[in-house]
Every structure is written in structure tokens, then in C-alpha cells.
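Every number here is computed from the coordinates shown, using simple stated rules; none is lab data. Source: prediction; values computed, not measured. Reconstructed Cβ throughout: ideal geometry from the backbone, glycine too, with neighbour counts over all protein chains shown.
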Amino acid sequence: MLEIQPPQYFGHLLRGLGALWPSYLAYALSFLLIGQVWVNHHVMFDRVRHVDREVLFVNTLLLMVIAFLPFSTSLLADALRAEQGLRVAVVAYGATLWTAAGLFNIIWAHLRRARLLDPDLGTFGIRAIGRRFALALVWIGSGILVGAFVPIAGVVVIAGFLPAYYLPIRGEYGEDTATDRPG
């Protein structure tokens, strides 16, 4: 889960704490990814005029997948620690994230199609956010694919997703006005 259990044996506590590095890694990665989902969820819903039942339903599925992430995190940490089953654990972890990214894309597509977005966002902003959400599917999918063959590299690819998605993108707060600025 997203909690880290203390070592069983306290005779060599420092060594026992060091041996928990897979749990620290999985915890940090998952916590930052959950934070990223929260940030992007706000980016998306800050641009919505109102929601309908379909958005509420798919958003509930998104929350269900995010609530499953502690299991995937625990699986990844335990496989790292055991040095067994790592390929399956990385694929399962990535599949959880990929499913969340897919649900983001479904919600965004519905918001666009049903014209539920704030009109001040404009076409440029709508496309910019849509591209970001679509890129997540490719990025995480690549991490899953790499992780199926080289597990640690797959984790690195998935973790590389973090910095890119915490940064704001041009257009997410409305029409691109950079070309309208003097100078």
C-alpha cells in the first residue's frame, strides 16, 4: 500500500531501513503521480462550465483507478524487494496509470463533444490540454512496453512522466496570447 512498514528486526535497524529502498521509491513515485493526477484533474475541471452524468460516471471510474494505485504500488515495491516478478509488477503498475490516463482522455473528449467546457478556454487551449492528455497514453504505454522487457528502465520511463506533467503548458488557461503581446 502507500504506507511503509518498519523493519521486522530492530537489531540492525539502519540496515533494515536501508533495505526498504524499494518501498521508498514506490511510495515517492506513486505519491507524486497521485499529486499529478490531482493537479491535472484541477486543470481539467477548472475549464468546465458544468458536468453531466456521463462525466460524473467516468470521473467515478477515474477515482476508482486512483484508489487502486496503493495496491499497484505495493506490488511494485514487493517485486523490487524480492527481485522477482518485476516485469509483471511494472506492467501492472503502468497499466493502472495508463487506465487513469485513458479515463482522463475519455472525460476530456466528452467535455469537448458535449460542449461543457468554458468558451473562454478557446480552441488552442482545448487542443493543448487534449494533446497533453493523449501524450500521457503514449508515454505511460511506452513505459509499460519497456518495462515488460527491462523492468527498471520501464520504471524510469514512467517516472520521467512526472516533471513534464507538473509544468504548465501554453494555452491551458485560455487562448494563446503570446502572439498578441507587443515586443
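Numbers at a glance
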{"quantity": "Alpha-carbon centroid distance for the pair the range 139-168 / the range 16-80, whole angstrom", "calculated": "15"}
{"quantity": "Estimated inter-spin distance, Thr60 and Phe149, nm [label 7 Å along Cα→Cβ]", "calculated": "4.1"}
{"quantity": "Crossing angle, helix 53-82 versus the chain [Cα axis fit, 0-90 degrees, rounded to tens]", "calculated": "30"}
{"quantity": "Sorted peptide list for 25-35, 86-96, criterion being average Cβ within 10 angstrom, highest first", "calculated": "86-96, 25-35"}
{"quantity": "With Cα atoms, 0 to 90° folded angle of helix 122-149 axis to the chain main axis", "calculated": "20"}
{"quantity": "Contour minus Cα-Cα distance for Leu14 and Arg49 (0.36 nm per residue)", "calculated": "7.3 nm"}
{"quantity": "Relative packing of 132-143, 104-115, which averages over residues the other C-beta atoms within 10 Å, highest first", "calculated": "132-143, 104-115"}
{"quantity": "Projected label distance in nm at Ala82 and Thr123, using a 7 Å step from Cα toward the beta-carbon", "calculated": "5.4"}
{"quantity": "C-alpha long axis of helix 86-113 to longest principal axis of the chain, angle in °", "calculated": "10"}
